[in-house]
Amino acid sequence: MKTYFPDQLAQREHDTPLDHAMIDIGDIVTVRLADGQPIASTVIFNTPFLGITTYTADAELPAANGAGPQRIRLRFRARDIHRVEHARDRRCAA
């Protein structure tokens, strides 16, 4: 499993709004790699670290060259998040 850290992610533009609701375990967040590739991942852990909440999420990238899908782990902060889909909203819609 490959792990991506905040220095490998593209930060959200400062003027781009983001839902300021609390991000919880089970929420799906979209982050972007430094090359611009968006990755939707499911939050599995969050904790305050040095005064900033740090999130951990898992995702699966599509198969490349006939291999199986690649599982990755992402560690990021709120400024790295480009989109949030809250788990509670998915439950209410079902």
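The values are calculated or read from the model by the stated rules, or taken from the named source; none is laboratory data. Here the structure is a predicted model, which is why all the values come from computation and not from measurement. Reconstructed Cβ throughout: ideal geometry from the backbone, glycine too, with neighbour counts over all protein chains shown.
Annotations
- Applying the condition of being touching a Pro at 6+ places or on another chain (Cβ under 7 Å) and farther than 16 Å from VAL31 by Cβ to region 48-79 and asking which residue is modelled with the lowest pLDDT yields ALA63.
- Residues of region 2-13 satisfying the condition of being touching a helix residue (DSSP H, G or I) at 6+ places or on another chain (Cβ under 7 Å) and in a loop (DSSP other than H, G, I, E, B): GLN11, ARG12
- Residue match in region 61-77 (condition: of a type in the set (Gly, Ala, Ser) and surrounded by 12 or more Cβ atoms within 10 Å (Cβ to Cβ)): no
- Residues that are surrounded by 13 or more Cβ atoms within 10 Å (Cβ to Cβ) and of a type in the set (D, E, K, R) do occur in region 26-35, at least one of them.
- Those residues of region 44-60 which are touching a strand residue (DSSP E or B) at 6+ places or on another chain (Cβ under 8 Å), loosely packed, with under 10 Cβ neighbours inside 10 Å and either under 25 Å from ASP15 (Cα atoms) or of a type outside the set (S, T, N, Q) (or both), in sequence order: PRO48
- Within region 14-64, the set of residues being outside any loop (DSSP other than H, G, I, E, B), of a type in the set (D, E, K, R) and either touching a Phe, Trp or Tyr at 6+ places or on another chain (Cβ under 6 Å) or more than 14 Å from ARG83 (Cα to Cα) (or both) comprises ASP58, GLU60.
- Filtering region 65-89 to residues that are in contact with an Asp or Glu (Cβ under 8 Å, 6 or more places away or on another chain) and assigned to a strand (DSSP E or B) leaves GLN70, ARG71, ILE72, ARG73, LEU74, VAL84, GLU85.
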